[in-house]
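Structure first, then comments.
The values are calculated or read from the model by the stated rules, or taken from the named source; none is laboratory data. Being a predicted model, the structure only gives us computed values, none of them experimental. Counting neighbours? That spans all protein chains shown, and the Cβs are built from the backbone with ideal geometry, glycine included. With ligands, DNA and RNA removed, areas are computed over all heavy atoms of the protein, side chains included. Shrake-Rupley method; radii C 1.70, N 1.55, O 1.52, S 1.80 Å.
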Amino acid sequence: QVQLVESGGGLVQAGGSLRLSCAASSRTFSTLDMGWFRQAPGKEREFVAGFAGGVLTLYYADSVKGRFTISRDNAKNTIYLQMNSLKPEDTAVYYCAARSQRTGPIRQSDYDYWGQGTQVTVSS
């Protein structure tokens with residue numbers, strides 16, 4: 001069983017920064033691809049950033065490229081999402097997720113483990 005716990009969300013003004021954390025309980029953390037998804041009010045959950053093939057490849061949604069950075073600390077079983085230059089449209093519940101390592105494309109259905117989510121609100 002893998003448990004994922006997100007933290008670091010909050011309220012921030014447009015242009016500000018936040019860093020989200022996701023701690024995983026699994027001792028097989030190094031065998032998992034980790035990623036971040038978000039769901040804004042009235043919208044479907046969407047991919048934000050994630051690893052593929054371990055740390056071989058990084059993927060970012062076009063909407064966050066150049067502003068968000070995903071990183072991984074295997075020693076702490078933790079991934080992070082550094083969010084800079086935040087915009088009101090970034091407001092959403094952000095979810096950490098995990099899948100078995102693979103080189104294939106990002107598909108939400110491939111992710112077997114999900115955190116509870118952390119709220120990010122960006123004010124104008």
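Quick rundown of the values:
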read-out: Residue match in region 50-68 (condition: basic (Lys, Arg) and under 18 Å from Arg19 (Cα atoms)); value: yes
read-out: Pair list, Cβ < 9 Å and 6+ apart or interchain, from region 88-113 residues that are closer than 19 Å to Cys22 by Cα to residues that are part of a loop (DSSP other than H, G, I, E, B) and among the hydroxyl-bearing types (Ser, Thr, Tyr); value: Asp90/Ser63; Ala97/Tyr111; Ala98/Ser26; Ala98/Tyr111; Arg99/Tyr111; Tyr113/Ser26
read-out: Filtered residue count, region 1-22, keeping only those that are open to solvent by less than 30 Å² (accessible area, probe 1.4 Å), assigned to a strand (DSSP E or B) and of a type in the set (Gly, Ala, Ser); value: 2
read-out: Selection status of Ser21, at pLDDT below 95, of a type in the set (Ser, Thr, Tyr) and within 22 Å of Val2 (Cβ to Cβ); value: no
read-out: Complete set of residues in region 102-124 that are open to solvent by 40 Å² or more (accessible area, probe 1.4 Å) and in contact with a helix residue (DSSP H, G or I) (Cβ under 6 Å, 6 or more places away or on another chain); value: Ser124
read-out: Number of positions in region 24-81 that are in contact with a Lys or Arg (Cβ under 7 Å, 6 or more places away or on another chain), open to solvent by 50 Å² or more (accessible area, probe 1.4 Å) and under 16 Å from Gln101 (Cβ atoms); value: 1
